[in-house]
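Trainee: Please find one structure pasted underneath; my questions will follow.
Throughout, read-outs are computed from the coordinates displayed, never taken from laboratory work. What you see is a predicted model; the values in this text were computed from it and never measured. We place every Cβ from the backbone using ideal geometry, glycine too, and count neighbours over all the protein chains shown.
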Amino acid sequence: MNLPVGTEVFDDQTQELIVDLCEPGQEFLLAPGGLGGRGNVHFATAAHRSPDYAQPGRPGQELEVHLVLKLLADVGLVGFPNAGKSTFVSRISRARPKIADYPFTTLQPHLGVVSVDTERSYVVADMPGLIEGAAEGAGLGHQFLRHLERTALFVFLVTQDMTPGRTPLSDFLALRSELGRYEPELLERPFIVVLSQADRPEVAELYEDLRNSIKDAPVFQMSAVTGFGVDDVLHAIAAQLEASGRWSDLPR
């Protein structure tokens, strides 16, 4: 059976991880097949051409398992619905996720490959929009969050939402909170913060306050529609991956 890279195989009874297929071409024998028997023709001789003896086979091993796919992406785009993640990944790669101005346009992750030079590239995952309570299963819940477990770098995309009381800073803090509630170790990963949709004047005017409020990571502003600030974000991502030594092979 061929499975996608990133598939985890769990024992249905014990819920223990049997194997993590995280390398291209990786092979694993999950349950050995049975030993075939031999019919009476194998025991025929010149003197006894129709022996009444046959060797029975042995049954193979049976095992009930379930499979979980976790994407292998270098960079995970994290943001609330309509933060501009799909527009960004479609601009910087050949990925073409669905883009519209209503929540939950992205219902499954999309991967885009960004070429840094002739030898290096990185994979960006456009994740479905996160909502508060996702760690407990709200919205796409764990279907979304499990794909972030292998991500080397998080890019938090925030913008000024029309919902009263929400700001780019409050959205960032809420996103970080959801990651920590799902898996505290995720908060130790490197990240950058991007103020998205900065072509809107009411968004751009919030940049300085956002940058001054976040001290433990670089903060950028950009517009994926116009291209403003996109190169700065791409250079920052490349620098973070360079420091971690995390690169993907360019597709052939």
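Trainee: Considering only the other residues whose Cβ falls under 9 Å of the Cβ of ALA83, what net charge follows from Lys and Arg at +1 and Asp and Glu at -1?
Mentor: Value of the local net charge: -1.
Trainee: Please list, in chain and number order, the residues 5+ apart from PHE220 or on another chain whose amide H is under 5 Å from its amide H, with Hs placed from the backbone.
Mentor: Under 5 Å from the amide H of PHE220 lie the amide H atoms of VAL193, VAL194, LEU195, each far enough along the sequence or on another chain.
Trainee: What does the charge count near PHE191 come to, summing +1 for each Lys or Arg and -1 for each Asp or Glu among other residues with Cβ under 12 Å from its Cβ?
Mentor: Net charge in that neighbourhood comes out at 0.
Trainee: Counting other beta carbons within 10 Å of each Cβ, put THR151, THR7 in order, fewest first.
Mentor: Least crowded to most crowded, the residues run THR7, THR151.
Trainee: Work through the residues other than PHE154 whose Cβ is under 10 Å from its Cβ and net out their charges, Lys, Arg +1 and Asp, Glu -1.
Mentor: Net of charged neighbours comes to +2.
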